[in-house]
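For reference, the structure discussed in these notes is given below.
Read the figures in this text as sums done on the coordinates, not as results from a lab. Keep in mind that what you see is a predicted model, and the values were worked out from it rather than measured. Positions of Cβ are generated from backbone atoms using ideal geometry, with glycine treated the same way; all protein chains shown enter the neighbour counts.
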């Protein structure tokens, strides 16, 4: 029999970092984020509850499933994920880990989260991004956004 680890009882929610693409609903009323890996097709809000992406009937994070939100302990490690071409326009999110969580060596898998800050990279032209504009792709009912400057965003939804 394996000994159990002691239960953690933090006085304040742990903090983690992740990258995600900002999205805007088709009607322009709701904003959210879409992940870059498992469950990336399901947009989530600033304060949201995880669900099992496989449709199983259990509460995330389940030990024998990959469900739940994921984040990394270190800001620099999460920011390094934005170096790949497909994630250059992703935002760096600082999140509060809420509810039940499983701690790993490099991060958390958890049930609920609150996005505390979102940091955008530069515009594609290299200038400082001042807004989020239509990125030219999306999910059904959701329009993806990308950081941009006022000059590059002319004529696009921002």
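Put a dot 7 Å past each Cα toward the Cβ at residue 84 and residue 65; how far apart are the dots in nm?
Each label point lies 7 Å from its Cα, and together they span 2.5 nm.
Mean-square fluctuation check for the chain, GNM, Cα pairs under 10 Å: which of 63, 82, 139 is largest?
63
Under a no-solvent Debye model with one identical scatterer per Cα of the stretch 12-67, what's log10 I(q)/I(0) at q = 0.18, 0.19 Å⁻¹?
-0.74, -0.81
So for 94, 86, 74, fewest C-beta neighbours within 10 Å to most, what's the order?
Fewest-to-most ranking of 94, 86, 74: 86, 74, 94.
Based on other C-beta atoms within 10 Å, arrange 34, 117, 89 from fewest to most.
Arranged by neighbour count, lowest to highest, 34, 117, 89 become 117, 34, 89.
Given contacts defined as C-alpha pairs under 8 Å and at least six residues apart, what's the relative contact order of the stretch 65-158, whole-number percent? Walk me through the intermediate numbers first.
Working: 150 pairs, mean separation 21.2, N = 94.
Reported relative contact order: 23 percent.
For the stretch 96-158, what ratio Rg/Rh do Cα atoms give with a Kirkwood hydrodynamic radius?
Rg/Rh: 1.15.
Return the single residue from 102, 19, 29 with maximal mean-square fluctuation; model: Gaussian network over the chain, springs between Cα atoms under 10 Å.
29
With a Förster radius of 22 Å, plug the Cβ-Cβ distance of residue 56 and residue 12 into 1/(1 + (r/R0)^6) and report the FRET value to the nearest 0.05. Each step should come with its number before you reach the end.
Working: r = 31 Å, r/R0 = 1.40.
Efficiency at R0 = 22 Å is approximately 0.10.
For the chain, state the average projected area of the convex hull of the C-alpha atoms over all orientations, rounded to one decimal in nm².
Computing the convex hull of the Cα atoms and averaging its projections yields 11.0 nm².
Name the residue, out of 110, 54, 44, whose mean-square fluctuation peaks in a Gaussian network model built on the chain with Cα pairs under 10 Å.
In the Gaussian network model the winner is 54.
Would you list 67, 52, 83 from fewest to most Cβ contacts within 10 Å? Spell out each step's value before the answer.
Values: 67 22, 52 17, 83 8.
Sorted ascending by nearby Cβ count, the order is 83, 52, 67.
Say each of residue 157 and residue 77 gets a label point 7 Å from the Cα, pointing the same way as Cα to Cβ; how far apart are those two points in nm?
Reported label-point gap for residue 157 and residue 77 is 3.6 nm.
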